[in-house]
Amino acid sequence: MFRFRPFIPGLIACGLALPAAGAARDIVDVAPRAFVPGESSSPPQAAPDGGVAFEAPFSADLDRAYWDAPLRPLPPAAAAIEVDLACDDPAAVRALTLHLQDGGHWISAQKTLAAPGRQTLRFRRSDFDRDPWPPPDGRPATVLRLSVWKGAARDVQLVLYGIRSRSFSAAVVLGSDSRTAPGETALAEQCAGRALELLDKAGLPAELIADDLERLDLRPYRLLVLPYNPRLSSGQIAVLERFVKRRNGRLAVFYNAHADLARLLGFKAPVYVTAPTAWTTVAFEENELPGLPAAMAHRTHHLLPVRAKADSAVELGVWLGPDNRPDERLPASAVSSSGIWFSHVPPFASPSALQWFLAALARSDRAYARDRDRYRAEIGRRDALAVATSRRLPAPSDEFRAVWAQPLPPALRRETFRQLADHGLHAVFEHVATAGDVLDGAREQPLAQALADARAAGLQLHAWCIAWSLHDLPAERVAALRAQNRLMQDVQGNELPWLCPSRTENRQLLIEACADLARRGVAGIHLDYVRYPARDGCYCPATRAAFETRLGRAVDSWPADVHPGALLAAEFDEFRRDEMTAFVAAAAAAVRAVDPSIRCSAAVFPLPEAVAQYGQDWPAWLRAGHLDCVVPMLYDPLASRFADLLDRCLAASPAPGKILPGIGISADHSQLDALAAAEQIHASRARQAAGFVFFHLDAALQRLLPSILGP
Ligand SMILES: [Zn+2]
């Protein structure tokens, strides 16, 4: 999560003399002699292609290598520092930190490498951990330090080509505390982060700016993005109107209810709609605009759609209803010569979302057609490479290919299962229960029908059961469990939306739900959230009593004595692991008592944090035979980091066939295109993993399947 501080007034004054938007300026002399190596680091050398090569000998006992260089004064309007570099083994680097020193103070920001090869790391003003940048006393930072942190025990080389300051012609407006609903500041930050990512991946990097628009100079910008700004004042609207009408700027507005804002862009006032079944897909008429995708995945229960009104305005895409048919009453987005509007918060930066965004933007402003076409060419090139990559290693005959699925609309299951089977998938892990509550779509009759649909398609249906977390249960169900005193507690005694595993009635509830699903004929039980919420819980009286029973005596100071580093920390960690392991053993035994052929599995975190942080000792679960396999959620956009995580899991497993890596096609922190997905499948096959499980079934995955698994 990025941090953000309001700008200082002095900077706004400086902003009046801004250089041309998008300008870049070298701020460090890229020559070997300019860099002074830090402790245990060696001097850089000239690289053959004109860059400067830095060596980080991470095979040795070294966590960081760093170098200092003199820094030229940063232009007052600089929005970011960009580091242009190349690295062939990005997974060997955990992170790269940029530190700026003024007098005695350091400020710093951190980034991870996104891919092998040459790339630009962008350190925005808002990424730095301590404002102000530049400092308030006017003393400019004079030293830049480049730190490279160990990600794997391998020697690695980075070649540096430039360090530049940048300003941008696009800005994302962060909703401030006073301009969002109470308690929604974090949501505003999340939406701004998504918008920045969308723009970054679209090749249109943006600056993050505060929402006190009346005080800001907006002249550098051609595009302003409003990612989640639910309470715009009349003053803010007036500024936006001047930006659009007098300066010919464009707005990209997400999930907004403001009628004046909609009218300013040439749309009718938004109308709020909600539904008990989530909308998951936007369908587009592909030939309506150059570059539009066929569909875009985005999940929501709430919409603020607008209709086109002005002559220049058109509606783009409609939401699909629960029957998978386009709902013409619900346009997903609209575009006019003044900007674009999306009916929910910014989508994750999937290839389809980028295609939609760039196609819409280019329709609003021809100047963006070049960016749209560049992205189309790039995604076409990567799709072709994905097909080649997926053919490099043949699929083993016993490879197990599966997908996690949110509850599927019953009317669509048969057709969806058939399509998945046609693409070579063997199993669907469909979400059917949370905390022992069997969801509506999986009650007696619907589950029988789902099993029949799976059989007809030749697919296995595994019941994906969320164990201890209550995050997706209806509020009234959580309230009922709270009233029965069954929830976890944090160190202050506050209840958490998790069931406490030390309460017998909670364990029984989950075990009986698993056995019940087993009796109804599922091919597998797939447990999820079989863990603690890291160190947040549980410290409730039942957990204390269970721990004291095991210890054979009372704990003097609870929970201080069991905190990390305290007297009983090691014993408490072991207790947490054993509580989870005992539950997994009992659940699997109950399932196998019904039918020994049912496959038992669990979604788990990678090592070492699974065991150390979450009490999830899955190597022990496999060794004891409680589970047939585990699915480590290795959600990372970078194939080599995915491979390193997988290697660590395989090394801890009694056999490679017990590890099914989870591939994050459309997870919160990783959206893969076809090539990135094909590279991770290749890495799994090269390591003889048992197969893989995609997260998760949506329009983004369906778009990729022909390229990565064949037609
Ligand atoms: Zn507890």
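Some notes on this structure:
- Enumeration of residues in segment 86-95 that are within 12 Å of LEU160 (Cβ to Cβ) and surrounded by fewer than 21 Cβ atoms within 10 Å (Cβ to Cβ): ALA86
- VAL604 vs. criteria open to solvent by less than 60 Å² (accessible area, probe 1.4 Å) and either within 30 Å of VAL522 (Cα to Cα) or within 13 Å of the ligand (Cβ to nearest atom) (or both): yes
- Scanning segment 386-409 for residues that are of a type in the set (Val, Ile, Thr) and over 22 Å from the mean Cα position of the chain (by Cα) gives VAL387, THR389.
- Any chance GLN119 is in contact with a strand residue (DSSP E or B) (Cβ under 9 Å, 6 or more places away or on another chain) and under 30 Å from ALA210 (Cα atoms): yes
- Listed by position, the strands (runs of 3 or more DSSP E) enclosed by segment 138-213 that each have at least 2 residues that are open to solvent by 20 Å² or more (accessible area, probe 1.4 Å) are 143-150, 155-166.
- The residues of segment 685-704 that are buried (at least 24 other Cβ atoms within 10 Å of the Cβ) and part of a helix (DSSP H, G or I), listed by number, are ALA700, LEU701, LEU704.
- Taking each residue of segment 530-548 that is under 16 Å from ARG507 (Cβ atoms) and looking for partners that are part of a loop (DSSP other than H, G, I, E, B) and near the ligand (Cβ under 9 Å from one of its atoms) with beta-carbon atoms closer than 6 Å, six or more apart or interchain, yields CYS538/CYS500; CYS540/CYS500; ALA542/CYS500; ALA542/SER502; ALA542/ARG503; THR543/SER502; ALA546/SER502.
- Check on VAL530, part of a loop (DSSP other than H, G, I, E, B), buried (at least 23 other Cβ atoms within 10 Å of the Cβ) and either away from the ligand (no atom under 15 Å from the Cβ) or not aromatic (Phe, Trp, Tyr) (or both): yes
- Residues in segment 214-234 that are open to solvent by 10 Å² or more (accessible area, probe 1.4 Å) and farther than 23 Å from GLY183 by Cα: GLU214, ARG215, LEU216, ASP217, LEU218, ARG219, PRO220, TYR221, ARG222.
- Residues satisfying the criterion are present in segment 41-49 (criterion: modelled with pLDDT under 95 and surrounded by 17 or more Cβ atoms within 10 Å (Cβ to Cβ)).
- Residue in segment 470-484 that is in the same structural domain as VAL438 (by TED's automatic domain parsing), under 18 Å from VAL432 (Cα atoms) and within 14 Å of the ligand (Cβ to nearest atom) present: yes
Let's see how each residue does on (1) within 30 Å of PHE692 (Cα to Cα); (2) outside any loop (DSSP other than H, G, I, E, B):
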position	(1), (2)
ALA360	no, yes
ARG372	no, yes
GLU378	yes, yes
ARG381	yes, yes
SER397	yes, no
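- Subset of segment 326-346 [under 13 Å from VAL314 (Cβ atoms) and part of a strand (DSSP E or B)]: PRO331, ALA332, SER333, ALA334, VAL335, SER336, GLY339, ILE340, TRP341
- Of all residues in segment 617-672, those satisfying the criterion of being open to solvent by 30 Å² or more (accessible area, probe 1.4 Å), under 13 Å from the mean Cα position of the chain (by Cα) and modelled with pLDDT of 95 or more are MET633, TYR635.
- Any hit, segment 563-578, residues being open to solvent by less than 50 Å² (accessible area, probe 1.4 Å), within 13 Å of the ligand (Cβ to nearest atom) and not in a helix (DSSP H, G or I): no
- Search result, residues across segment 71-85 that are open to solvent by 30 Å² or more (accessible area, probe 1.4 Å) and in contact with a helix residue (DSSP H, G or I) (Cβ under 7 Å, 6 or more places away or on another chain): PRO76
- Residue in segment 536-548 that is away from the ligand (no atom under 12 Å from the Cβ) and outside any helix (DSSP H, G or I) present: no
Residues checked against (1) of a type in the set (Val, Ile, Thr); (2) in contact with a helix residue (DSSP H, G or I) (Cβ under 9 Å, 6 or more places away or on another chain); (3) not assigned by TED's automatic domain parsing to the domain that holds VAL282:
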residue	(1), (2), (3)
LEU358	no, yes, no
PRO407	no, yes, yes
PRO410	no, yes, yes
ALA427	no, yes, yes
ASP440	no, yes, yes
ARG443	no, no, yes
ARG455	no, no, yes
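- Test: residue in segment 508-522 that is of a type in the set (Lys, Arg), more than 12 Å from the ligand (Cβ to nearest atom) and farther than 26 Å from LEU459 by Cβ: no
- Meets criteria (open to solvent by 30 Å² or more (accessible area, probe 1.4 Å), within 16 Å of the ligand (Cβ to nearest atom) and outside any helix (DSSP H, G or I)) for ARG553: no
- Tally of residues being exposed (fewer than 14 other Cβ atoms within 10 Å of the Cβ) and within 26 Å of ARG247 (Cβ to Cβ) across segment 356-402: 4
- Meets criteria (more than 16 Å from the ligand (Cβ to nearest atom), of a type in the set (Val, Ile, Thr), outside any loop (DSSP other than H, G, I, E, B) and surrounded by 14 or more Cβ atoms within 10 Å (Cβ to Cβ)) for VAL591: yes
The values are calculated or read from the model by the stated rules, or taken from the named source; none is laboratory data. Just so it is clear, the structure is predicted and the values come from calculations on it, not from any experiment. When we count neighbours, we look across all protein chains shown, and the Cβ atoms used for this are built from the backbone with ideal geometry, even at glycine. Please note that ligands, DNA and RNA were not included when accessible areas were found on the heavy atoms of the full protein model with its side chains. Shrake-Rupley method; radii C 1.70, N 1.55, O 1.52, S 1.80 Å.
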